[in-house]
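One structure is given here, and the rest of the page talks about it.
The values are calculated or read from the model by the stated rules, or taken from the named source; none is laboratory data. Treat the numbers as computed from the prediction; the structure is a model and nothing was measured. Note that we place each Cβ from the backbone using ideal geometry, even for glycine, and neighbour counts take in every protein chain shown. Ligands, DNA and RNA are excluded from the accessible area calculation, which covers all protein heavy atoms including side chains. Shrake-Rupley method; radii C 1.70, N 1.55, O 1.52, S 1.80 Å.
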Amino acid sequence: MGNELREFLDDRYAAMASETKRILIVEDEEAIANGLRFNFEAEGYDPVVLGDGPSTLAYFEENSHQVDLVVLDLMLPGMSGYEICREIRDRDQSVPIIVLSARNLSEDKMHAFDCGTDQYVTKPFALPELLSRVRNLLRRPRAQLVVKHATEIDEFQIRDVSINFKTFEVVCGDETHQLTTMELQLLRYFIEHEGDVLSRSRILRDVWEQGAEVSSRTIDNFVLRLRKYIESDPANPKHLLSVRGTGYRFVADP
């Protein structure tokens, strides 16, 4: 009986260890890094702290399948957080990334979203809010972070433009554009709600995480980029239409 109990406990411990979520903390300020490590450990996570870009990318290259979430500072020695975010996205399109930065300009946030971050939190930050965001991102399956909605389409055709939701690519003739996670989510949202007039507030609510530090202007910038991918004449769009004073409407076949 003693051996059976010991084997049961060993198996249970191994199962619990395999369920522990690993958070990669990329932060060069020791006080913040240690504070995050302490609080993540208290929440039952397995935090790994790194303080620069090269070591982060080397670690991610070897352990990407074990990393469940990345908390990333932008101002790092030798290599910016933007570059790190972009490099991680080139390797893994679905791992959730939270940028944690003292930069609070809309241009900084927009650049971070362009590089593929999922959420942007400014310093100083409220710890309960950060922990809540972490829990929400980790609660969902990885695939659901890339595609938040229920439609199972893998590809979509808009005349001579082909959208591949598996490879994050938009192909038009000889040109191939690689989409970021947020670009993909927004484009899929428009396609799923074809013909509907979508207000900016509704898009923010449905596509971005609750509490994410984005504005209606963020949506406008994303739409401008999507038009460059799918419109033959982005200045005179036929698919991603503006609805004056409200938001946007997507039409696959004008």
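Annotations for the structure displayed:
- Site pair residue 139 and residue 28 shows an inter-label distance of 3.5 nm when each label is modelled 7 Å from Cα along Cα→Cβ.
- Between residue 253 and residue 157, full extension at 0.36 nm per residue minus the direct alpha carbon distance yields a gain of 33.5 nm.
- For segment 190-250, the fraction of C-alpha pairs farther apart than 14 angstrom is 55 percent.
- Counting 0.36 nm for each residue step from residue 238 to residue 196 and taking away their Cα separation leaves a gain of 13.6 nm.
- Label zone at residue 42 (point 7 Å along Cα-to-Cβ), backbone N below 14 Å, segment 92-128: 126-128
- Estimated from helical segments only, the mean residue ellipticity of the chain at 222 nm is -14000 deg cm²/dmol, where each DSSP H run of four or more residues counts as -39500 (n - 2.57).
- Helix axis angle, 127-139 relative to the chain longest principal axis, alpha carbon, degrees: 80
- Under 15 Å from the Cα of residue 109 - aspartates and glutamates, other chains or at least 8 residues apart: 73, 83, 118, 183, 209, 213, 220
- No Cys partner within the rule (Cβ under 4.7 Å), the chain: 172
- Ranked by how many other beta carbons lie within 10 Å on average, peptides 121-129, 237-245 from highest: 237-245, 121-129
- Tensor-based shape of the chain (alpha-carbon gyration tensor, a/c under 1.5 rounded, otherwise prolate or oblate): prolate
- Total formal charge among the other residues, if their Cβ is under 12 angstrom from that of residue 61, Lys/Arg +1 and Asp/Glu -1: -3
- Surface share of carbon and sulfur [accessible, 1.4 angstrom probe, percent] for the chain: 49
- Nearest 10 degrees, 0 to 90: helix 2-19 Cα axis against the chain principal axis: 30
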